[in-house]
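What follows is one structure encoded as C-alpha cells, with my remarks underneath.
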Amino acid sequence: MFAFSTNQVQTNNISKNTAATTIGIFVRKNAGALSLTIEDDGKGFDREHANGGIGLANIRNGVEGFNGTLTITTQLKELWR
C-alpha cells in the first residue's frame, strides 16, 4: 500500500511541477524486496533548495519504517520553450 501511495503522490508532483512529457514507473520484486523506480523527463529539482514540502519527508519516513532505503537522483535542467 505504501508503494502505491508513494507512486500516486510522486506522479501528481511530476504532473504539476516538472513540465515532463514522459513518466516511467517500474515496480520490481526480487528476493523478497520491492523496488519502486519513478523517472521523468522533466526539469528536475535542486534538493538543497527544495521548498520544504512534506512529500519527500513523508516518503523517507515511510521507507525507513519498512527498513528500506530511499535514493533520489535528480539534475536541475533549464528548459527552453
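The values are calculated or read from the model by the stated rules, or taken from the named source; none is laboratory data. A quick note: this is a predicted structure, and the numbers were derived from the prediction, not measured. Here the Cβ positions follow ideal geometry from the backbone for every residue, glycine too, while neighbour counts run over all protein chains shown.
Numbers at a glance
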item	result
Identity of the residue in the stretch 5-30, of a type outside the set (S, T, N, Q) and at pLDDT 90 or above, that ends up nearest to Lys77 (Cα to Cα)	Ala20
Residue match in the stretch 43-62 (condition: in contact with a Phe, Trp or Tyr (Cβ under 8 Å, 6 or more places away or on another chain) and without any contact (Cβ under 8 Å) to a residue 12 or more places away in the chain)	no
Test for Phe66: is it surrounded by fewer than 13 Cβ atoms within 10 Å (Cβ to Cβ), at pLDDT 85 or above, closer than 23 Å to Phe4 by Cβ and within 13 Å of the chain's Cα centre (by Cα)	no
Residue list for the stretch 1-36, restricted to those being among the hydroxyl-bearing types (Ser, Thr, Tyr) and within 10 Å of the chain's Cα centre (by Cα)	Thr6, Thr11
Residue pairs meeting the criteria (Cβ under 8 Å; at least 6 apart or on separate chains; first in contact (Cβ under 8 Å) with a residue 60 or more places away in the chain, in the stretch 1-26; second in a loop (DSSP other than H, G, I, E, B) and surrounded by 14 or more Cβ atoms within 10 Å (Cβ to Cβ))	Ala19/Gly42; Ala19/Lys43
